[in-house]
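Below: the structure, in structure tokens.
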Amino acid sequence: MFRFDPIIELTDRYINHSSRRIAEEQERGWVSVPEQQEEHADVYEDQEPTNEEIQEALAQYARDREQEGERIAVFLHCQGCLDPSTLSDEDSKLLFRFTQPEIRSLATLLEMGDIVYFREGTPSEFSLPMTLALMIVLRRMVFPARLVDLSLLFGKGKSTLSVIFNEMIEKIYIKFYPALKFDYCQFRESNLMRFSRAIRERSLAMYCVGFIDGTFNKIARPIVDQEGAYNGHYRGHGLKYQAVVTPDGITSSIMGPDSGRNHDVRMYRESQLDAMMCVAFDFTSINGPCYYLYGDPAYTASDHMMIPFRRQTADEQELAINKSMSAVRISVEHEFAHSGSLWAFLKYSQTQRSGQSPVGLYYIVGTFLKNLHVCYNGGNQTSKKYGVAPPTPEQYIYGLLNQ
């Protein structure tokens, strides 16, 4: 197992080295020893520091601590605290959710180049190997650790790590979000037949191919537009997303973010998802079926959307359909939970600071990475429930890049 004992040992070694250096400086008279300070204490007894002096001293202390932390990080990294090539598959999955071969494979499949450039077009432009940049993103997503903790692993300064993480999120979002909104490859005819057959075996619905729902992801209280982000039902500030989950465990459509106070139906109407479903689901022109999604009563029934029948007017068969569909519809909730369990960073609201970071992009990219995790692992709870295998990572990425 990968252990952090070397980090503790090296940190102690660094602190002991610093203590010896300070002692040597005291012997040479470069700094005051406690006895010398006591001799001159009476000089300062009647002089109280001003507020400006206190604030400046605190600011200087914070700067010194930050610089010291970065020096320790570089020192530890130079000693080889994290060498990815030495990690076992178990340790790599613990740290990054993927094995090292999977990370290298993913870095190639994303087609973002072997080298990634950051702060492009500025004097402070720098580059990193794609594999290392991806590992930084994955580690940050796995657990909402402080940037200084990541510094101990990667030997980069906090500000540099922040730039790498946020710019990588933006690059992935820009490249894949247009296809993630509605994955036409996932909804090709052969898949629609597989999905509807799998759902039919566990319910009474004939041509249902997936489940739609909205989710609310909490964020830190924003400085601007607090009222727009606040949701009374969840009693907190957040952003909303809309997702469609298919029986293979893939979130085949993810849209957002929208203001936390807005209703799910508003997002559905503005997303124009119905028009996309009309293109992908309707085969009546060639005497085929018209497939549809299943959603909760908040949505409006249409040719491509099925909702529960009203109890007051439903007959026995319709009530039986409601009961069977409520048991399978929970799959969409499972996938929301799966994203949160894989990427704890998304569920820690204090890391989701609107106006300071691209928080709206985090959840989209997290869902994309969740899908890839399902592909690399050959399925998840949802796919096993329906007996439908997900695509391979190569098939999934190819489908997104060729729509």
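When Lys and Arg each count +1 and Asp and Glu each count -1, what net charge do the other residues less than 13 Å away from Lys240, Cβ to Cβ, add up to?
Numbers: positive: Lys218, Arg261, Arg266; negative: Asp213, Asp258, Asp264, Glu270.
Within the 13 Å Cβ shell, the charges total -1.
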Long-range amide H partners of Phe283 with built H, under 5 Å = Cys290, Tyr291
Considering only the other residues whose Cβ falls under 13 Å of the Cβ of Lys171, what net charge follows from Lys and Arg at +1 and Asp and Glu at -1?
-> -2
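Less than 11 Å Cβ to Cβ from Phe98, Lys/Arg counted +1 and Asp/Glu -1: what total charge do the surrounding residues give?
On the way: positive: Lys93, Arg97, Arg104, Arg139; negative: Asp89, Glu102.
Once positives and negatives cancel, what remains is +2.
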Rounded to the nearest 5, what is the percent of antiparallel bridges among the DSSP beta bridges in segment 181-401?
-> 75 percent
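From the cross-link list Lys171/Lys240; Lys181/Lys347; Lys171/Lys384; Lys156/Lys370; Lys93/Lys171; Lys93/Lys384, which pairs have alpha carbons spaced over 28 Å apart?
Values: Lys171/Lys240 22 Å; Lys181/Lys347 22 Å; Lys171/Lys384 32 Å; Lys156/Lys370 26 Å; Lys93/Lys171 24 Å; Lys93/Lys384 21 Å.
Where the Cα-Cα span goes over 28 Å, the pairs concerned are Lys171/Lys384.
Every read-out reported here was derived from the displayed coordinates using simple, explicitly stated rules and does not represent laboratory data. Every value quoted in this text rests on a predicted model; they were computed, and no experiment measured them. Cβ sites come from the backbone with ideal geometry, for glycine too, and all protein chains shown count toward neighbours.
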